[in-house]
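Trainee: Here it is, the structure, as structure tokens.
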Amino acid sequence: MPHEEDADIRFFTGFCGVFETPSDRRVELDLGCGSGSYTSALCGLFPESRILAADVMLGRLRKVVRRCRRGHFDNVTVLRVEARYLISRLLPDRSVDRIHLLCPDPWPKGRHRGHRLLTSDFTSQLHRVLRDGGVFHFSSDDEYYRDAVGRVLASSGLFSPCDEAVADLAGIASDFEKRWLEEGKTVPHRAWRKLPLPPPGPGH
């Protein structure tokens, strides 16, 4: 049954085309935004930026809409879309300044690791959609997953570590991070800055 919040959600199921982002504003993407605590904090911190909140779970997105309405934020666009599809198909080249992927499911079992987003193919798509000098921001309480993400990004040659690029976000946390912190876990944050593409080799 439709909810009144659905009027403020962009649905991309079966959508074929490109989702254009504003070229005259900074754009931040909260990828896998959950119920929107981080999204709403970004809206408040950066009122001149366009904040994209993307998730596939409709119930969570309705909570995002309600949070942002309570905060009277008009700089948010809420997207119902699968993360891989958004990054690989919908977003155009050099369209986002900073992408936040915070506390994603680590899929620790070997048979489930194909569900992880941070593969070499996904990394190349992150590089494509980030603007020049753009930043990928990642956090996880899972040490193995953090190390694996670092290895994938390092081996790509497309990013360099730049944790200071998220220093302006030190005071905010996602709902999942708050939960892990309450349980006594640590949730380190890492960031990488987009590098220029290497020159083509001989014969290209």
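Each value in this text was obtained by applying a stated rule to the coordinates, not by laboratory testing. Since this is a predicted model, take the numbers as computed values, not measurements. So basically every Cβ, Gly included, is an ideal-geometry build from the backbone, and we count neighbours across all protein chains shown.
Trainee: In whole percent, what relative contact order does segment 4-194 give with Cα contacts below 8 Å and a gap of six or more residues?
Mentor: Working: 351 pairs, mean separation 41.9, N = 191.
Taking the mean separation of contacting Cα pairs over the length of segment 4-194, I get 22 percent.
Trainee: Follow-up. Can you give the convex hull volume of the alpha carbon atoms of the chain per residue, in Å³?
Mentor: Values: hull volume 31.0 nm³, N = 204.
Once divided by residue count, the hull of the chain is 152 Å³.
Trainee: How far, in nm, would the chain grow between residue 105 and residue 197 when pulled straight, counting 0.36 nm per residue and subtracting the alpha carbon separation?
Mentor: Details: separation 92, 0.36 × 92 = 33.12 nm, distance 2.97 nm.
Once the chain is fully extended between residue 105 and residue 197, it gains 30.2 nm.
Trainee: Just grab the label-to-label distance for residue 56 and residue 167, each label 7 Å out from Cα along the Cβ direction, in nm (one decimal).
Mentor: Roughly 3.7 nm, to one decimal.
Trainee: How far apart, in nm, are two points set 7 Å out from the Cα along the Cα-to-Cβ line at residue 13 and at residue 25?
Mentor: In this crude spin-label approximation the distance works out to 2.8 nm.
Trainee: Quick one: Kirkwood hydrodynamic radius for segment 133-204, alpha-carbon pairs, angstrom, one decimal?
Mentor: Numbers: mean 1/r = 0.0722 Å⁻¹.
Roughly 13.8 Å, rounded to one decimal.
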